[in-house]
Ligand SMILES: Nc1ncnc2c1ncn2[C@@H]1O[C@H](COP(=O)(O)OP(=O)(O)O)[C@@H](O)[C@H]1O
Ligand SMILES: [Mg+2]
C-alpha cells in the first residue's frame, strides 16, 4: 500500500530562554495507509512532539513532511488548519470535549470548520457516529454526565466525523482503567480494520500490543521500529457494519 | 411616534444581525456566543452594565435635553427671529422725585417711533408694530373685568399667532376711521359675555363705548424668550392705537398697591421686523443708538435672534457634554467588556486549543470571540436604549405627580441609531484585542493549558 505519511530528517528544536531543547533530532519515517502504529518510549523522548508534527499542529525546525502528496512542512497556519480539518482526526488523553456542547454537538465540531453548510444530513451523520461508538442513547448528554470511557468514545466519534485519513491519538487510554482501555483499543482496532491509519502514542506495553507496528523513541530519535508479532486482537464487532459504506465523501483527489 | 422609533431601532439591529444570521458561520458563532453568555448570565450582565448605563443615560438625557431645548427654541421662534422688540421700562424709582401726585413720564415716545420709521423708509425695517399697553377695567352691563387694554395696529396680527374664535382682528381702516372697535381676549369675552355672542355688542372701557368686532381663541402664554415672565394674553382687549390715544389721553391713572399711579408712556412696546436676518443685529445696534438719546434708562431692546443663537449654542454645549458623558461611560463599559473577554479567553484557552486542533483557522477564533463581544455590547445597547426610553416615559408623569411639572421630552431616532452603532462599535473595538489574543495562541500550548 502507498505511504500516507512520509517524513524525512525531521528536526524540532525548542528554545527555552536561550537553552536549546532538541525534541526531535532527525526523524525519518514512513507510514503506509491502513497501518496501526504505536509510538513508545520513555517520558521526554519526543513522542508527543512527533505526534504534534504529524498532526500539523506545529511546524518543524527543519526536515520534510509529506501527508499524501502535500508538502505540509511548507504550509502556513491557515493551510495547516485546513489540513487538520480535512484529513486528520485527533484523540487526546484527556478527551478534550467541549463541556457546553452535547454529545452530538461535540462530534459535529470538526465539520464547523470545513466550510460546509451544516444541515439535517450532517446532523444525521453525527448521530450515526454516536451510535457506532455505542452512545446512541446519550445524544443530548453533556460530557460532564458521561464516564471517562464514554467521553473518549465521543472523542473517537469526533475524530471520525470528517472521515480522516490518519487518526492521531496521544495516550488515548492514559486516563482510563484497564477494562475501559481495552474497550477503547477495540474500537480503534475496528477503525483500523476498516482501513483507517492510526498513529498512537503510549508508554504501556499492553496498549501498544494492539498495534501492528511499534516504534520506540529515545532522546528525539527512533530507537527501534518493528512489526508487532504478538498483536492483541479484540472482538470483530458486527456493530461496525455499514460504517465504511456510509462514509462522508470528503476525501479529495490525490490523497 | 415612539413606537416608530423603537421599530426603526429594531429594524436597524435586524440589518446589523441579518447578514450574520444569513452567513452560516456567523449564525453558528452567534448561537455559540449567546450560549456561552447564557452560561454566565450574571457575569455577562454585569460586564455590559457599563454599556447599558452609558447608552441609557445618553438616550434619556438626549430626550430631556432635546425636549427642553425644543421648547425654548419654539418660544423664541414665536417671538420671531427677524424681530427686534423695543420696550419701555419703568426706570428705578428715585426717592427724591417720587411724589404722590407726580406723573411718571418714561419710555418710548412718538419721537422715537418716528426715528424708527426713517429706518422703515430705508427698507431695513419692513414692519413696525406699536403697542400701548395699560391695565384697564372693562364693563358690560353690571359685569366687570380687569385686564389690559392693548392699543395697536392691524399688523399686530402678523407678528403674533392669533387664532380667531369669532369675527376679525383690527384692520387698517379701523385706525384711519378712528373707530371704537375692540377685539377681546378669550377670558375677557367669557367674563363679560358669558351667555351671548359678543360680536356687535358694546363694552365700556373707561368712559367710552367700544364695539366688539372679534374674539380670540385662548392663547398660550409665551415666555419671554425662554424666560420666566410669561405674558398672559387672554385678558387683553385690542383696540386701534389712534382711537386709544384719543380716548385715554397721554396720562393713564390706575390703582396700584392702594395708591393711584399716574403714568405717561406713549408706547409700551414697538416690535420691529427686519428685512433680512443678517441685518438684525446691526439694526438692533442702530435702535440702541437712537434710544441712547434718552436721559433715563427707560427702555430695553431685546433681539430674539441673540437668544435663539444663545439657545442653540447652549444646545451644542449640552450635546458636547452628552457626548463626553456617553463617551466616558462607553469607554468604561468597553474596558469592562475587554476585561471580561480577556478573562474569557484565558478561561477558554483549552477550548481554543481544541477548536484549533480540530481545524479552526485563526480567523474562525477571531470571529467567535468578536461576535461574542459584539453580541454582549449590542445586547447591552438595546437594554440601555429600552431602559432609557422607559425613563423617558416614566419620569414626566412622576415629575408631574411630585412637583406639578412635566418636563418636556423629545425622542428622536438619531440618538437611538447612534447608540446602537456605538454599542456595536464598542464591542468590535474592545473585543478585537482579546479575540486576537485568542487567535494567536499556539494550539499545542493551548491544548496543554490547565
Ligand atoms: N513547548 C515546549 N517548549 C520547550 N520544550 C519542549 C516543549 N515541548 C516539549 N519540549 C521538550 O521536548 C522534549 C520532548 O517532549 P515530549 O515530546 O513531550 O516528550 P514525550 O511526549 O515523549 O514525553 C522534552 O524534553 C520536553 O521538555
Ligand atoms: Mg507526551
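Values computed for the structure shown
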{"item": "Gyration tensor (alpha-carbon) shape descriptor, region A:70-181, a/c threshold 1.5", "result": "oblate"}
{"item": "Tail beyond 50 Å, pair distance distribution of the protein assembly as shown (Cα, percent)", "result": "47 percent"}
{"item": "Projected-area mean, region B:90-297, by convex hull of Cα positions, square nanometres", "result": "13.1 nm²"}
{"item": "Rg/Rh ratio calculated on Cα atoms of chain B (Kirkwood radius)", "result": "1.23"}
{"item": "Top of A:147, A:85, A:181 by mean-square fluctuation, Gaussian network on chain A, Cα under 10 Å", "result": "A:147"}
{"item": "Order of B:355, A:216, B:102 - criterion: other Cβ atoms within 10 Å of each residue's Cβ, fewest first", "result": "B:102, A:216, B:355"}
{"item": "For region A:165-207, fraction of C-alpha pairs farther apart than 13 Å, in %", "result": "51 percent"}
{"item": "Value of Rg to Rh for region B:133-177 (Rh from inverse mean 1/r over Cα pairs, i.e. Kirkwood)", "result": "1.02"}
{"item": "Cα gyration tensor shape for region A:46-98, rounded if a/c is under 1.5, else prolate or oblate", "result": "oblate"}
{"item": "Residue exposure sequence - B:306, B:298 - by fewest surrounding Cβ within 10 Å", "result": "B:306, B:298"}
{"item": "Kirkwood hydrodynamic radius (C-alpha pairs) into Stokes-Einstein, region A:8-118, 25 °C and 0.890 mPa s, D in µm²/s", "result": "154 µm²/s"}
{"item": "On Cα atoms only, tilt of B:362-403 relative to the major axis of chain B in degrees", "result": "30 degrees"}
{"item": "4 °C / 1.567 mPa s Stokes-Einstein diffusion coefficient of region B:349-450, Kirkwood radius on C-alpha pairs, µm²/s", "result": "79 µm²/s"}
{"item": "Between helix B:304-347 and chain B: long-axis angle, C-alpha atoms, 0 to 90°, nearest 10", "result": "10 degrees"}
{"item": "Inter-probe distance in nm under a simple model that places probes 7 Å from Cα toward Cβ, at residue A:212 and residue A:69", "result": "2.3 nm"}
{"item": "Ranked list, fewest to most other Cβ atoms within 10 Å of each Cβ, for B:307, A:47", "result": "B:307, A:47"}
{"item": "Equivalent ellipsoid dimensions for region B:46-185 as semi-axes, Å, which come from the Cα gyration tensor, largest first", "result": "43, 23, 21"}
{"item": "Relative contact order of region B:90-297, defined on C-alpha pairs under 8 angstrom at six or more residues apart (%)", "result": "30 percent"}
{"item": "Full-stretch length increase - residue B:201, residue B:90 - with 0.36 nm per residue and alpha-carbon distance subtracted", "result": "36.4 nm"}
{"item": "Principal axis dimensions, region B:236-392 - Cα atoms, whole angstrom, descending", "result": "102, 39, 28"}
{"item": "Descending Cα extents along the principal axes, chain A, whole Å", "result": "50, 40, 40"}
{"item": "Cα gyration tensor shape for region B:103-166, rounded if a/c is under 1.5, else prolate or oblate", "result": "oblate"}
{"item": "Between helix B:2-22 and chain B: long-axis angle, C-alpha atoms, 0 to 90°, nearest 10", "result": "20 degrees"}
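Coordinate-derived values only; no laboratory data. Keep in mind it's a predicted model, so treat the numbers as computed, not measured. As a convention, Cβ positions derive from the backbone with ideal geometry for all residues, glycine included, and neighbour counts pool all protein chains shown.
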